[in-house]
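**Q** Shown below is the structure under consideration.
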Number of protein chains: 2
Amino acid sequence: MEKYVIGVDFGTLSGRSLLVNVKTGEETSTAVYEYRHGVMDETLPDGTKLGVDWALQHPQDYLDTLAKTIPAVIKEAGIEAEAVIGIGIDFTACTVLPVKADGEPLCFDKSLSSNPHSWVKLWKHHAAQPEANRLNQIAEERAESFLNRYGGKISSEWLIPKIWQVINEAPEIYDTASRFIEAADWVIWQLTGKEMRNSCTAGYKGIWHKEKGYPEKSFFAALHPGLENLVDDKLSTDIYPAGKKAGEITAFASELTGLKEGTAVAVANVDAHVSVPAVGITSPGKMLAIMGTSTCHMILGEQERIVPGMCGVVEDGIIEGYFGYEAGQSCVGDHFQWFVENCVPGEYLDEAANEGVDIHELLARKAMSLAPGESGLLALDWWNGNRSVLVDVDLTGLLIGANLNTKPEEIYRALVEATAYGTRMIIDTFEKSGVEVKEFYAAGGIAEKNSIVMQIYADVIGRDIRISGSPQAPALGSAMFGAVAAGAEAGGYDSIYSAAPVMGKVKDIIYKPDRGNVAVYEKLYHEYEILHDYFGRGENNVMKRLKEIKKGIRNE
Amino acid sequence: MEKYVIGVDFGTLSGRSLLVNVKTGEETSTAVYEYRHGVMDETLPDGTKLGVDWALQHPQDYLDTLAKTIPAVIKEAGIEAEAVIGIGIDFTACTVLPVKADGEPLCFDKSLSSNPHSWVKLWKHHAAQPEANRLNQIAEERAESFLNRYGGKISSEWLIPKIWQVINEAPEIYDTASRFIEAADWVIWQLTGKEMRNSCTAGYKGIWHKEKGYPEKSFFAALHPGLENLVDDKLSTDIYPAGKKAGEITAFASELTGLKEGTAVAVANVDAHVSVPAVGITSPGKMLAIMGTSTCHMILGEQERIVPGMCGVVEDGIIEGYFGYEAGQSCVGDHFQWFVENCVPGEYLDEAANEGVDIHELLARKAMSLAPGESGLLALDWWNGNRSVLVDVDLTGLLIGANLNTKPEEIYRALVEATAYGTRMIIDTFEKSGVEVKEFYAAGGIAEKNSIVMQIYADVIGRDIRISGSPQAPALGSAMFGAVAAGAEAGGYDSIYSAAPVMGKVKDIIYKPDRGNVAVYEKLYHEYEILHDYFGRGENNVMKRLKEIKKGIRNE
């Protein structure tokens, strides 16, 4: 009997299951469930209004994803549930909820469900920004060494600011909660009947370190007296790396999913991180960029290095046995989309419609008829601030070099190039900090669809670019960890190192840098660097001052 | 019998006559002639191909303007030709042609008319840029003092580079030409039968100084041995200020125009300069901005001051008895037009069409709903280089402060504001150099039509703005000088000082600065200044380097 594993990828708006043949890596079937409640950013299901920058989710949607998509992929493949030997999952992060001792979400309790703080705070819930700002200030004052591991700043999207917001605004919810738990780990709990906290979210989002653990009590007390015992009281300290078996499908979970009781379940993971082995990477020196609305850069290293402006470094955070590094760009696909929505003349839209092509495709094609440097334009890719390497949300976009002959496709190309320069800045910063970047891989919607963007990236970074062989890299990676959880004896693998060469994959196409283009981009990147440092490192803080003026106006 | 004067304004694409009542200033009738040959920038009438950056005109179009529009305004007003006591004209400049000793344009000679150099070189003929570059280099090496009077640079649009191009590329045309003459002065010659060179074009475009005359022979010889005697051989050195009577309508001109023989004809003028008295300005401290595709700033002073980056200072250049200063911005209306053509989404155009309003109007209205500083955007208005005060065609546009919520109307407003900051930079530079700017006037299409732009200007420069009372300020100014040429005895005026209070006019509306807005713009302008100096004064020459890279690509 052929053996299969399932990977479940919990995204922002939907969840997806992917059934994969363990020995061939073939992706046999897939099924998607669009969350019924989506992202709740205006009201709760009972109509309770939410504040600005809130973003919640409903845990029932996660259970429904399991219930609907797992049976669907088994059925579509025409296999028996017995053929599925393991399951792994990945999630957006930090997506966190308060639960009772038995794992019941507080929002499932009618007496609490009108309180927004009882619900799942989605990764992009930004209402804890004041807490994040204050946390960073306190951490700097106390010279907390953990700051270095996170590029000097803890994001408002992460665990501690989100919990701090709960105790600030709804102390009764804080008190009632037995655990604050990543949604990823909560789903594993539903499948296995026990809490098995994963090292990826703990490390990248929860300020946990394999040797040093969480920050000290005195740090939490400095944030809020009520948080002093947060770690002991409300967080799990038993933390497991990806690839570990979390447990087995329970009777309850078998009922829910159709999987057999006893099927192996892997420790949970994060969507970006789990994609690394999905393209076959299990060793240092190979950077994976997951390119969508924003970009995540993942790379493995043998030592813990402090890389300025990275998002995080976590031992066992990606693959057990290595330090996993993460960096990011906050505005990539979003950048191009902004341009299309706000800056493209009607005649271009008409032209795209007449040809029956997407406007991005039309713009990219026009842009590709230009040589590098031909437009005379240069941009800084900070339309949504800068995540790495400056870690500064108050930076803004810049376009330089326009004249009266400047065309939309020239600006579009300049924006694409700007994001490529941003990636090169990240690569260079890693290398200067002792983390080598020998190979470059890309996954995600842009890598999958936009060959013109990828060629520009190859020319700008001067490296070959390999593309994920699966359009569903996170789900594939999760399935691979499911195979590792099952183990070789059951027909899976003993480690991700043996799974990756078989199940991980890249496309045949490799984007190779064009030597002439590389030479021009060398010059342009040098100009980018000068502007990057001038506007980004304090020499001229005009971007921040303009934001201050803007805030002054809006608060009037 | 009521007395009338006629002003004829020769523009880039058409010529206009305006009939004005001398004693009331009432504009009785107007007529426009669209030049049959327009701007010849691709071929001559016989099909001869023109080079890149060429822009020629046909002198016949000027004669046809006189022949068609003067009879038309007389007829429309229902007056007798005897009632017209004087005529004045203004022209684009430097618009120059080679003529024979009798004033016949070389291009009227069939044996020469296939040579592009026999035609009128229009102001925006830019093919003499290599000559201009070399001229400036030589002038700097020789430390020619005239450079200071022209902001340090002689433009390729001006007289000497254009003539130098002729001797370089068509020495036979140079040799055959008896005179190189401004089209303005050529038209006066056609009306009066004699050459009467005007001080405005001689001063602003011909490097002529009332006391020092033209540059020395050795300077011309340094340009080209054949140019050593240019002044003596090919240029008139009898130069007359505006308001002087050039002569009287001849029998030939009477035949052409329907005006009576003996009607007074004023010395010619330039469109921008002649507008100064048309808004009633005849004394120092009052700046007039003529705002169209680009902007000219004119102001009178009592002394000759060296103002960095001005376009020129010429004694008697605007009004006899004063030093006339000119500065300019090379990209104003063109800037907004570029934006509309290249950066406005289809839905905005649909909205404008549905409302039946111009897209500029829609954008301006949306932009006006924003408070100053609210967008967080700032731009440098260098989409077409910088004329004053940096005098650098190689500077390019910059937009800073964009984010993913930035809307088209916010960018539009930022571009408008950028041009206003450019005007403020000019005002400040004049004041720092000892030329006071107490009042501010505006004329031209934008001043006439766009109240939102004008309010932004008032807020940025912190001064009241008065608007030309006539939409045809140049033609009105020319008519006024026609009345001065006629003299008081004939029913006109003895000087422009007595004509201006009666015939010059401003609208009732005054744009007054809003105190709150002024305070915000103070801060924004400070940021503009920092970027202006950083990118414009050599600290970071990225704009020039990007242009170099671009040229390298295009020349490959």
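The values are calculated or read from the model by the stated rules, or taken from the named source; none is laboratory data. If you're wondering where the values come from, they're calculated on a predicted model, not measured in any experiment. Cβ coordinates were reconstructed from backbone atoms using ideal geometry, including for glycine residues, and neighbour counts include every protein chain displayed. Quick note on the areas: whole protein, heavy atoms, side chains included, nothing else; ligands and nucleic acids left out. Shrake-Rupley method; radii C 1.70, N 1.55, O 1.52, S 1.80 Å.
**Q** Residue farthest toward the positive end of the dipole of segment B:325-390, with Cβ of Lys/Arg at +1 and Asp/Glu at -1: which of B:Val389, B:Met368, B:His335?
**A** The one lying farthest along the dipole's positive direction is B:Val389.
**Q** Now for a separate question. Shortest first and in nm with one decimal, please list how far the A:Asn354 label point sits from its counterparts in the other copies (point 7 Å along Cα→Cβ).
**A** List, nearest first: 2.5 nm.
**Q** Okay, moving on. Of the accessible area of segment A:16-138, with the probe set at 1.4 angstrom, what percent is carbon plus sulfur?
**A** Heavy-atom surface of segment A:16-138 belonging to carbon and sulfur, 1.4 Å probe: 48 percent.
**Q** Follow-up. Given 0.36 nm per residue, what is the gain on full extension from A:Glu140 to A:Glu211 after removing their alpha carbon distance, in nm?
**A** Gain in length upon complete extension: 23.4 nm.
**Q** Here's a follow-up. Starting from a label point 7 Å past Cα on the Cβ side, list the distances from A:Glu104 to the same position in the other copies, nm, shortest first.
**A** List, nearest first: 10.9 nm.
**Q** Scattering from the C-alpha atoms of segment B:336-389 alone, worked out with Debye: what is log10 I(q)/I(0) at q = 0.15, 0.18, 0.28 1/Å?
**A** Computed log10 I(q)/I(0) values: -0.56, -0.76, -1.15.
**Q** Put simply, what bits of segment A:364-378 lose 50 Å² or more of accessible area when the other protein chains are there, versus the chain on its own (1.4 Å probe)?
**A** Output list: A:Glu374.
**Q** Let me ask something additional. Placing +1 at every Lys and Arg Cβ and -1 at every Asp and Glu Cβ, with all other atoms neutral, what dipole size does segment B:480-555 have around its Cα centre, in debye to the nearest 20?
**A** So the magnitude is around 660 debye.
**Q** So how strong a dipole does chain A carry about its Cα centre when Lys and Arg Cβ are +1 and Asp and Glu Cβ are -1, to the nearest 20 debye?
**A** Dipole magnitude for chain A comes out near 520 debye.
**Q** Using a Förster radius of 35 Å, what is the FRET efficiency between B:Ala251 and B:Thr48 based on their Cβ-Cβ separation? Nearest 0.05, please.
**A** The formula returns an efficiency of 0.50 here.
**Q** What distance in nm separates the two pseudo spin-label positions at A:Asp238 and B:Glu439, each 7 Å out from Cα along the beta-carbon direction?
**A** Calculated label separation equals 8.8 nm.
**Q** Still on this structure, I have one more. Between chains B and A, what is the buried accessible area in Å², counting both sides, with a 1.4 Å probe and ligands, DNA and RNA left out, to the nearest 100?
**A** 4300 Å²
**Q** Looking only at segment B:414-430, which residues have a backbone nitrogen under 14 Å from a spot 7 Å from the Cα of B:Asn148 in the C-beta direction?
**A** Label zone hits: none.
**Q** Calculate the mean, over all residues of peptide B:333-345, of how many other protein chain Cβ atoms lie within 10 angstrom of the residue's Cβ.
**A** What the average comes to for B:333-345 is 4.
**Q** From largest accessible area down, sort B:Ser14, B:Ser275; use a 1.4 Å probe on the protein chains.
**A** The most accessible residue leads, giving B:Ser14, B:Ser275.
**Q** Turning to a different aspect of this structure: Setting aside same-chain residues fewer than 8 positions from A:Lys551, which lysines have a Cα under 21 Å from its Cα?
**A** Correct list for A:Lys551: B:Lys366, B:Lys407, B:Lys523.
**Q** What FRET efficiency would be calculated for the residue pair A:Asp358, A:Lys100, taking the C-beta separation as r and a Förster radius of 45 Å, to the nearest 0.05?
**A** Once the sixth-power term is evaluated, E becomes 0.45.
**Q** Same structure, new question: Any idea what the relative contact order of chain A is, in percent, if you count C-alpha pairs under 8 Å spaced at least 6 apart?
**A** Averaging sequence separation for qualifying contacts and normalising by length gives 16 percent for chain A.
**Q** Listed highest first by mean packing, meaning other Cβ atoms within 10 Å per residue, what order do B:310-318, A:121-129 come in?
**A** Put in order of decreasing packing, that is B:310-318, A:121-129.
**Q** Among chain B residues, which Cβ is nearest the axis of the B-onto-A rotation, and at how many Å?
**A** B:Gly346, 1
**Q** Return the loop-located GluC sites (Glu not before Pro) in segment B:178-225 (DSSP other than H, G, I, E, B) with at most 15 other Cβ atoms within 10 Å of their own Cβ; answer none if there are none.
**A** For GluC sites (Glu not before Pro) across segment B:178-225 that sit outside H, G, I, E and B with at most 15 neighbouring Cβ atoms in 10 Å, the list reads B:Glu211, B:Glu216.
**Q** Additional query: Between segment B:423-466 and segment A:441-518, how many Å separate their Cα centres?
**A** First find each Cα centre; the distance between them is then 59 Å.
**Q** Amide H to amide H under 5 Å from A:Phe91: which residues, 5+ apart in sequence or cross-chain, H placed 1.01 Å off N in plane?
**A** Those lying under 5 Å, H to H, from A:Phe91 are A:Phe10, A:Asn269, A:Val270, A:Asp271.
**Q** Setting aside same-chain residues fewer than 8 positions from A:Lys432, which lysines have a Cα under 18 Å from its Cα?
**A** Here the lysines satisfying the reach criterion relative to A:Lys432 are A:Lys286.
**Q** What residues of segment A:508-538 lose no less than 40 Å² of accessible area with every protein chain in place versus their chain by itself (probe 1.4 Å, heavy atoms only)?
**A** With the partner chains in place, segment A:508-538 has these residues losing at least 40 Å²: A:Glu527, A:Tyr534.
**Q** Percent of accessible area on segment B:269-395 owned by carbon and sulfur, 1.4 Å probe?
**A** Result for segment B:269-395: 44 percent of the exposed heavy-atom area is carbon or sulfur.
**Q** Moving to a separate point now. Which aspartates and glutamates, if any, have their Cα less than 19 Å from the Cα of B:Lys3, not counting same-chain residues under 8 positions apart?
**A** Excluding near neighbours in sequence, the set is B:Glu26, B:Glu27, B:Glu76, B:Glu80, B:Glu82, B:Glu248, B:Glu261, B:Glu489, B:Asp494.
**Q** At B:Lys432 and A:Ser283, where each label point lies 7 Å from the Cα along Cα→Cβ, what is the point-to-point distance in nanometres?
**A** With each label placed 7 Å out from Cα toward Cβ, I get 6.2 nm.
**Q** Sort shortest first the distances from B:Ser178 to its counterpart in every other copy, using label points 7 Å along the Cα-to-beta-carbon line, and give them in nm.
**A** 11.1
**Q** Among bridges DSSP assigns within the protein assembly as shown, what percent are antiparallel (round to 5)?
**A** 70 percent
**Q** Ok, one more. Please work out whether segment A:54-107 counts as rounded, prolate or oblate from its C-alpha gyration tensor, where a ≥ b ≥ c are the square roots of the eigenvalues and a/c under 1.5 means rounded, while otherwise a/b larger than b/c means prolate and anything else oblate?
**A** Judged from the Cα gyration tensor, segment A:54-107 comes out prolate (a/c at least 1.5, a/b above b/c).
**Q** Would you mind checking the pairs B:Lys153/B:Lys544; A:Lys438/A:Lys507; B:Lys153/B:Lys550; A:Lys23/A:Lys507; A:Lys153/A:Lys438 and listing those with alpha carbons more than 21 angstrom apart?
**A** The answer is B:Lys153/B:Lys550; A:Lys153/A:Lys438.
**Q** Could you point to the residue in B:Met1, B:Gly38, B:Val84 farthest towards the positive end of segment B:1-142's charge dipole, with +1 and -1 charges on the Cβ of Lys/Arg and Asp/Glu respectively?
**A** Farthest along the dipole direction, towards plus: B:Gly38.
**Q** If you don't mind, another one. Karplus couplings for segment A:39-45 from phi (6.51 cos²θ - 1.76 cosθ + 1.60, θ = phi - 60°), rounded to Hz, Gly and Pro as x?
**A** 9, 8, 10, 10, 9, 6, x
**Q** May I pose another question? How large is ³J(HN,Hα), in whole Hz, for each residue of segment B:7-14 in order, when computed from phi with the Karplus curve 6.51 cos²θ - 1.76 cosθ + 1.60 and θ = phi - 60°, using x for Gly and Pro?
**A** x, 10, 10, 8, x, 7, 10, 7
**Q** May I pose another question? For the ranges A:133-141, B:84-92, B:20-28, what's the packing order if you count other beta-carbon atoms within 10 Å of each residue, average per peptide, and put the highest first?
**A** B:84-92, B:20-28, A:133-141
**Q** Another question about this same structure. So what does log10 I(q)/I(0) come out to for chain B at q = 0.10 Å⁻¹, using the Debye formula with one equal point on every Cα and no solvent?
**A** These q points yield log10 I(q)/I(0) values of -0.84.
**Q** While we're looking at this one, here's another question. What is the protein assembly as shown by shape, rounded, prolate or oblate, if you read a ≥ b ≥ c off the alpha carbon gyration tensor as root eigenvalues and call it rounded for a/c under 1.5, prolate for a/b larger than b/c, and oblate otherwise?
**A** Prolate is the answer for the protein assembly as shown, as a/c is 1.5 or above and a/b outweighs b/c.
**Q** Sort B:Met543, A:Met368 from largest to smallest accessible area, using a 1.4 Å probe on the heavy atoms of the protein chains.
**A** Output order, biggest surface exposure first: A:Met368, B:Met543.
**Q** Further, regarding this structure: Using only Cα atoms, locate the centre of segment B:94-119 and the centre of segment B:354-386, then give the distance between them in Å, rounded to an integer.
**A** Their Cα centres are 45 Å away from one another.
**Q** Identify the residues of segment B:314-329 with backbone N under 11 Å of a label point that sits 7 angstrom from the Cα of B:Tyr497 along the Cα-to-Cβ direction, or state none.
**A** B:320-322
**Q** Kindly report the accessible area of segment B:251-312 per residue (heavy atoms of protein chains, probe 1.4 Å, no ligands, DNA or RNA), in Å².
**A** Using a 1.4 Å probe on heavy atoms only, each residue of segment B:251-312 averages 28 Å².
**Q** Here is a further query. Give a residue-ordered list of calculated ³J(HN,Hα) values for segment A:306-314 (Karplus: 6.51 cos²θ - 1.76 cosθ + 1.60, θ = phi - 60°; whole Hz; x for Gly, Pro).
**A** Going residue by residue, I get 9, 9, x, x, 6, 7, x, 10, 9 Hz, with x marking Gly and Pro.
**Q** Follow-up. Of the heavy-atom accessible surface of segment A:416-479 (probe 1.4 angstrom), what whole percent is carbon and sulfur?
**A** After summing per-atom areas, the C and S share lands at 42 percent.
**Q** For B:Ser29, list long-range residues whose amide hydrogen, built 1.01 Å from N in the peptide plane, is under 5 Å from its own amide hydrogen.
**A** Residues meeting the criterion, in which the H sits 1.01 Å from N, are B:Leu19.
**Q** Let me confirm one metric for peptide B:540-552, namely the mean number of other chain beta-carbon atoms within 10 Å of its residues' beta-carbons.
**A** Partner-chain Cβ atoms within 10 Å, mean over residues of B:540-552: 6.
**Q** For segment A:394-439, rounded, prolate or oblate, judged on the Cα gyration tensor with a ≥ b ≥ c (square roots of eigenvalues), a/c < 1.5 rounded, else prolate if a/b > b/c?
**A** prolate
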